[in-house]
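The values are calculated or read from the model by the stated rules, or taken from the named source; none is laboratory data. Remember, it's a predicted structure, so these values are computed and weren't measured experimentally. Every residue, glycine as well, gets a Cβ built from its backbone with ideal geometry; the counts of neighbours run over all protein chains shown. Just the protein is used for accessible areas: all its heavy atoms, side chains included, with ligands, DNA and RNA removed. Shrake-Rupley method; radii C 1.70, N 1.55, O 1.52, S 1.80 Å.
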Amino acid sequence: MREAIRVCACFNLRRVSRAVTQVYDEAMAPLGLSSGQFMLLLAVRMLGETSLLRLADTVWTDRSVLSRTVRPLEDRGLLAILTGKDRRTRRITLTPEGQQALRDGYVRWQGAQARMSELLGSRQLEELLGTLERSSLGVQPKYLSKRPRRARR
């Protein structure tokens with residue numbers, strides 16, 4: 001049983017993920033944001049005004065989970081949800097307050113990055129990030145690849 005835990009990718013990734021998340025959550029706490037909320041704001045900034053579906057695909061989460069994460073940010077005025085052209089589609093965008101939260105959060109994120117570099121060492125952190133990037137190519141969630149893509153007109 002001990003060997004199974006030692007070699008289990010899921011167990012070990014989840015354990016490390018919780019520890020890393022704690023470092024970033026502590027950095028974002030003074031802003032009233034979690035690390036996940038900050039990353040969501042960052043993704044919206046990167047995409048520009050976008051659909052909830054595209055945002056969910058970008059951050060590799062299910063749309064229903066994304067909706068629960070977006071709601072508090074919308075309630076705080078950091079994100080705006082707009083009705084799309086056909087009323088069934090929802091578009092999401094950063095508000096000016098969201099832009100400011102992102103700027104404030106970026107400074108705190110830099111501190112969390114520096115902390116991770118202290119904890120792991122800069123070389124090991126770079127190696128870890130490279131491994132994660134390469135690994136992500138092979139483990140894309142199935143629900144992303146099953147979504148039909150609309151043809152662009």
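Provide the solvent-accessible area of Ile5, counting protein heavy atoms only and rolling a 1.4 Å probe, rounded to the nearest 10 Å².
80
Find how many whole Å separate the alpha carbon centroid of segment 78-118 from the alpha carbon centroid of segment 43-60.
10
I need the calculated FRET efficiency for the pair Leu129 and Lys85, taking r as the beta carbon distance and R₀ as 22 Å, to the nearest 0.05. If you can, show how the numbers build up before the last one.
On the way: r = 39 Å, r/R0 = 1.75.
Step by step, r from the Cβ atoms, then E = 0.05.
Amide H to amide H under 5 Å from Leu33: which residues, 5+ apart in sequence or cross-chain, H placed 1.01 Å off N in plane?
Amide H to amide H, under 5 Å and 5 or more residues apart or across chains, Leu33 pairs with nothing.
Of the peptides 36-44, 17-25, how do they stack up when ordered by the mean number of other Cβ atoms within 10 Å, highest first? Walk me through the numbers before you get to the answer.
Values: 36-44: 19.9, 17-25: 14.1.
My ranking of the peptides, most packed first, is 36-44, 17-25.
In segment 67-108, whose amide N lies under 19 Å from the spot 7 Å out along Cα-to-Cβ of Ser51? List them in ranges.
What the label zone holds, given the 19 Å backbone N cut-off, is 67-68, 70, 80-94.
If amide hydrogens are placed 1.01 Å from N in the peptide plane, which non-local residues have theirs closer than 5 Å to the one on Leu79?
Placed amide hydrogens put Glu74, Thr95 under 5 Å from Leu79.
Let me check I've understood the local charge: for Val65, count other residues with C-beta under 14 angstrom from its C-beta, Lys and Arg +1, Asp and Glu -1. What total comes out?
On the way: positive: Arg63, Arg68, Arg71; negative: Asp57, Asp62.
So the environment of Val65 carries a net charge of +1.
With the Cα gyration tensor of segment 1-64 giving a ≥ b ≥ c as the square roots of its eigenvalues, does the rule (a/c under 1.5 for rounded; else a/b larger than b/c for prolate; else oblate) give rounded, prolate or oblate? Present the calculation step by step, with values, prior to reporting the outcome.
Numbers: a/c = 3.87, a/b = 1.60, b/c = 2.42.
The shape class here is oblate.
Where does the charge balance sit around Leu125 when Lys and Arg score +1, Asp and Glu -1, over other residues with C-beta under 11 Å from its C-beta? Working shown, then result.
Values: positive: Arg115, Arg123; negative: Glu118, Glu126, Glu127.
Surrounding charge for Leu125 is -1.
By the gyration tensor of its Cα atoms, with a ≥ b ≥ c the square roots of the eigenvalues, what is the shape of the chain: rounded for a/c under 1.5, prolate for a/b over b/c, or oblate?
Values: a/c = 2.19, a/b = 1.32, b/c = 1.65.
Since a/c reaches 1.5 but b/c is at least a/b, the shape of the chain is classed as oblate.
Of all the accessible heavy-atom surface of the chain, with the other protein chains kept in place and a 1.4 Å probe, what percent is carbon and sulfur? Present the calculation step by step, with values, prior to reporting the outcome.
Values: 5890 of 11020 Å².
Answer for the chain is 53 percent, counting heavy atoms of protein chains only.
Tell me the label-point distance for the pair Arg103, Ser136, using the 7 Å Cα-to-Cβ offset, in nm and rounded to one decimal.
Going by the 7 Å Cα→Cβ label model, 2.7 nm.
Can you work out ³J(HN,Hα) from phi for every residue in segment 35-45, in order, using Karplus 6.51 cos²θ - 1.76 cosθ + 1.60 and θ = phi - 60°, giving whole Hz and x for Gly and Pro?
Per-residue couplings from phi come out as 4, x, 5, 4, 5, 5, 4, 4, 5, 5, 4 Hz.
So what is the calculated 222 nm ellipticity per residue for the chain, using -39500 (n - 2.57) for each DSSP H run with n of 4 or more, over all residues, to the nearest 500 deg cm²/dmol?
Numbers: 8 runs with 105 residues, N = 153.
Calculated from helices alone, the mean residue ellipticity at 222 nm is -22000 deg cm²/dmol.
For the chain, what does the accessible surface come to per residue with a 1.4 Å probe? Please give it in Å². Don't skip to the end; give the middle numbers.
Values: 11020 Å² over 153 residues.
It amounts to 72 Å² per residue over the chain.
Compute the distance in nm between two label points, each set 7 Å from the Cα along the Cα-to-Cβ direction, one at Glu118 and one at Thr58.
Those two pseudo-labels are separated by 3.1 nm.
Using a 1.4 angstrom probe on the protein heavy atoms only, line up Glu133, Glu74, Glu3 by accessible area, largest first. The partial results should precede the final answer.
Details: Glu133 130, Glu74 75, Glu3 100 Å².
From most exposed to least exposed: Glu133, Glu3, Glu74.
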